[in-house]
1. How high is the FRET efficiency between A:Asp195 and A:Ser8 when r is their beta carbon distance and R₀ equals 30 Å, given to the nearest 0.05?
2. Can you list, shortest first and in nm, the gaps between the label point of B:Asp14 and those of its counterparts in the other copies, using a point 7 Å from Cα in the C-beta direction?
3. How high is the relative contact order of chain A, in percent, with contacts defined as C-alpha pairs under 8 Å that are six or more residues apart?
4. Suppose each label sits 7 Å from its Cα in the direction of the beta carbon; what would the A:Thr389-B:Ala77 distance come out to in nanometres?
5. Once the Cβ-Cβ distance between A:Arg103 and A:Leu273 is put in as r, and R0 is 35 Å, what FRET efficiency do you end up with, to the nearest 0.05?
6. Would you work out if segment A:51-156 is rounded, prolate or oblate? Take a ≥ b ≥ c from the square roots of the eigenvalues of the alpha-carbon gyration tensor; rounded if a/c is under 1.5, else prolate when a/b is larger than b/c, oblate otherwise.
7. Does anyone have the angle between helix A:40-55 and the longest principal axis of chain A? Alpha-carbon axes, 0 to 90°, nearest 10?
8. How many nanometers, to one decimal and shortest first, lie between the label point of A:Thr111 and those of its other copies, if labels sit 7 Å from Cα toward Cβ?
Number of protein chains: 2
Amino acid sequence: MTNAQLQSVLDHIDKDFDNSLERLFSLLRIKSISADPAFVADCIAAAEHLAKDIASFGVATEVRPTAGHPAVVGKTAAGGRPHVLFYGHYDVQPVDPLDLWHRPPFEPVVTDHADGRKIIVARGAEDDKGQVMTFVEACRAWKKVTGSLPIDITFLIEGEEEVGSKNFVPFIEANKDEFKADYVLVCDTGMWDRDTPAITTSLRGLLYEEVKITAANRDLHSGVFGGTAMNPIRVLTKILGGLFDDDNRITIPGFYDGVKDAPPDILAQWKKLDFTPETFLKPIGLSIPAGEKGRLLVEQASTRPTCDVNGIWGGYIGEGSKTVIPSHASAKVSFRLVEGQDPQKIRKAFRDYVSARIPGDCKVEFGDHSAGPAIALDWNMKPLAAAKTALTEEWGKETVLMGSGASIPIVADFKRTLGLDSLLVGFGLDDDNIHSPNEKYDLRSFQKGIRSWARILAVLAEVK
Amino acid sequence: MTNAQLQSVLDHIDKDFDNSLERLFSLLRIKSISADPAFVADCIAAAEHLAKDIASFGVATEVRPTAGHPAVVGKTAAGGRPHVLFYGHYDVQPVDPLDLWHRPPFEPVVTDHADGRKIIVARGAEDDKGQVMTFVEACRAWKKVTGSLPIDITFLIEGEEEVGSKNFVPFIEANKDEFKADYVLVCDTGMWDRDTPAITTSLRGLLYEEVKITAANRDLHSGVFGGTAMNPIRVLTKILGGLFDDDNRITIPGFYDGVKDAPPDILAQWKKLDFTPETFLKPIGLSIPAGEKGRLLVEQASTRPTCDVNGIWGGYIGEGSKTVIPSHASAKVSFRLVEGQDPQKIRKAFRDYVSARIPGDCKVEFGDHSAGPAIALDWNMKPLAAAKTALTEEWGKETVLMGSGASIPIVADFKRTLGLDSLLVGFGLDDDNIHSPNEKYDLRSFQKGIRSWARILAVLAEVK
């Protein structure tokens with residue numbers, strides 16, 4: 001292919017952008033919340049919508065059942081060219097607390113950010129519908145302008161990323177042969193900042209646990225039983241409240257075993273970055289780093305393991321007061337893991353820690369939501385250099401290779417099941433409010449994201 | 001009045017008992033949950049129903065507005081006889097968790113307890129509709145059989161007891177002159193055990209606080225911000241988890257100031273009681289007293305101050321998982337207070353304790369639900385001896401004078417606003433599940449409760 005072809009594709013993308021936006025909006029209007037069983041039909045609808053949309057530009061695409069929400073699988077005709085597996089997800093996070101949204105989360109709009117940026121606001125605007133559609137639209141443009149795609153592509157878009165891909169991974173394993181490719185392209189990560197593109201080369205892992213502590217066999221009146229009957233909230237808060245020491249280190253025995261310090265040269269580079277409480281925490285209303293004392297903020301955010309209670313509940317949580325001692329109390333607790341930590345060992349260490357602190361007449365039950373190790377990608381994989389060049393050309397700034405604090409466990413699964421490395425390119429920003437009310441995607445991220453993929457597809461055709 | 005008259009009244013009560021039950025059921029069917037604004041109309045309906053019912057046996061009764069849920073006020077014609085103010089409440093606790101109820105909470109039934117006892121099951125069956133109706137039915141029987149009541153009675157039944165009587169107390173204060181009487185009869189307490197009647201002579205106070213801790217200005221993604229942004233659940237659990245030391249003593253500075261030990265002779269009596277983990281905690285599935293080490297279980301339950309987290313919530317509490325760091329987390333925390341503790345001082349000590357532990361970039365807000373001091377009643381008040389005799393006659397066992405762990409703050413308000421002492425007689429049992437799913441009232445408590453009041457009304461006529 002020629003530079004002229006690429007330029008035609010880029011021109012078409014700009015010209016057709018309003019239609020790209022309308023196609024994204026159609027997908028955003030579908031309430032594909034994977035965590036909540038009330039939205040099963042919406043997840044199926046999103047898969048069907050996406051399959052039809054990809055098929056519309058000539059890629060044979062179908063909705064494939066799994067034991068959970070279905071996957072979308074599309075395949076270009078095999079052309080003997082470089083062959084990538086494109087991965088994304090159509091499922092989204094729950095929307096609560098709904099009252100904090102300024103508009104209904106499934107009625108997307110383009111609006112003005114306080115600082116004047118144009119933004120797309122909706123649940124999934126970024127994570128991951130907006131990102132998936134940057135790739136889909138780039139492919140559509142190539143097909144429209146040149147009649148074909150520059151490389152062979154298998155589309156593989158799942159519906160359970162936000163709930164741990166429990167049924168999707170077995171689906172890949174059961175259909176390994178179908179998903180052979182040279183490597184994976186993943187579009188579910190961010191830029192370094194608003195103007196600087198990035199390729200993510202390491203990801204933290206995730207272990208997500210649920211804990212339920214039961215004391216009495218029924219709810220009790222605190223006047224009758226207060227002072228004599230153990231309150232499970234007391235047990236739970238004492239355990240969770242003890243998870244951090246005064247230096248903000250996690251107190252679970254063995255938690256830091258195997259965790260390595262970043263090399264001195266990397267640390268030296270990081271010290272030069274403008275990544276400070278002022279730049280990173282102030283926009284969210286905070287000023288004091290909550291991570292381990294003595295570590296750089298960038299280490300706390302990307303290369304150190306963490307623990308967060310993502311949810312806690314017990315007793316009476318309605319309006320007014322109720323003098324109840326509840327029978328049980330629960331929490332959702334997750335850990336971001338780094339290289340050297342084994343999720344199963346951390347799970348056992350956490351459960352042992354909790355169990356050792358349960359009074360003799362109370363009991364604890366555990367539930368697991370997901371467990372994935374951290375990933376360090378191969379910085380030397382050939383497509384990486386090519387994609388870096390393409391991104392730099394589109395954005396006019398040098399592409400940063402960065403570590404991410406977030407987890408995309410599927411990357412490890414692709415390596416394990418298919419033997420494939422992944423290349424992680426995405427256009428999210430730290431202020432996109434993903435997993436929060438008023439999720440947004442910069443209109444610029446969407447448009448230049450499509451253009452970026454158009455360029456990357458061109459250069460990947462040259463990588464053997 | 002004569003013994004023959006009393007006997008006729010008691011006989012009538014037994015003969016008419018099915019109708020008494022049906023009248024109680026009519027009241028139990030009204031969803032008068034005072035804590036939840038969704039049930040305002042039901043609270044009004046309960047007040048109107050009760051007013052009509054009391055008026056039906058010739059007591060001039062009306063529904064009186066307050067700034068909150070209305071009160072029911074009924075007055076017999078002044079006969080120059082001993083004059084009591086009868087107090088109870090028609091409001092009930094919320095019913096959640098609803099899925100633990102074996103039947104709908106507002107569809108009362110008489111059913112068999114596992115041990116063969118006949119029980120009335122419904123929200124409010126005991127607290128306080130069942131108890132109120134023991135008194136109402138006793139009055140109805142006296143009126144029906146003899147044409148009049150033995151003493152002058154003012155009925156005063158409120159609709160906000162379960163939410164701290166915030167609007168009811170000003171209502172009493174504003175109408176002091178109406179509520180002059182010799183003393184108050186309160187029916188909202190329990191028996192010593194299933195066979196042994198009791199008069200409650202001391203009550204713990206209650207301070208009920210709400211705490212909300214805010215960290216970031218929005219919910220965050222734990223992958224992006226985990227390790228750098230403070231999680232308000234971490235702050236909340238650390239504070240609440242630190243409220244007790246290893247001896248189960250409350251750690252708030254000054255909390256025990258002014259709390260007196262029970263006198264040696266009382267302690268010696270208590271040691272003889274069969275009040276043990278085996279008798280008191282085993283039925284609720286527990287075995288280890290949660291109160292201060294070195295104290296008798298009966299002290300922990302009635303004369304020592306306590307602290308309980310009655311509710312806690314924050315972050316994602318739905319099904320599945322969500323990797324959120326919430327913006328805020330909340331808890332409802334209450335304290336049972338004893339003689340010598342000033343609720344306002346304890347409130348300040350608690351708020352100071354919490355505030356001192358909030359990180360510099362987080363904030364805390366407090367809400368108050370109620371604050372009432374502990375009460376020690378006058379053991380020598382004349383009606384007490386008379387009521388004790390009447391109860392002993394009805395039940396065939398010596399009446400116990402006991403301390404209660406629960407709070408009835410209105411008792412202090414009656415003393416302060418009207419200068420009146422209260423006599424606390426009730427027929428609840430420890431296993432009535434008040435404030436819990438499957439609340440019940442023993443059918444025997446209801447029937448013999450009515451008979452008990454019929455006897456008490458007779459003897460009080462003789463107390464000058």
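1. Working: r = 26 Å, r/R0 = 0.87.
Computed FRET efficiency for A:Asp195 and A:Ser8 comes out at 0.70.
2. 10.0
3. On the way: 935 pairs, mean separation 118.6, N = 464.
For chain A, the relative contact order is 26 percent.
4. Using points 7 Å along Cα→Cβ, the separation is 10.9 nm.
5. On the way: r = 35 Å, r/R0 = 0.99.
Step by step, r from the Cβ atoms, then E = 0.50.
6. Working: a/c = 3.06, a/b = 1.67, b/c = 1.84.
In terms of gyration-tensor shape, oblate.
7. 20 degrees
8. Distances to the matching label points in the other copies: 4.9 nm.
Readers should treat all values here as calculations from the given coordinates under stated rules, not as data from a laboratory. What you see is a predicted model, and the numbers here were worked out from it, not measured in a lab. Every residue, glycine as well, gets a Cβ built from its backbone with ideal geometry; the counts of neighbours run over all protein chains shown.
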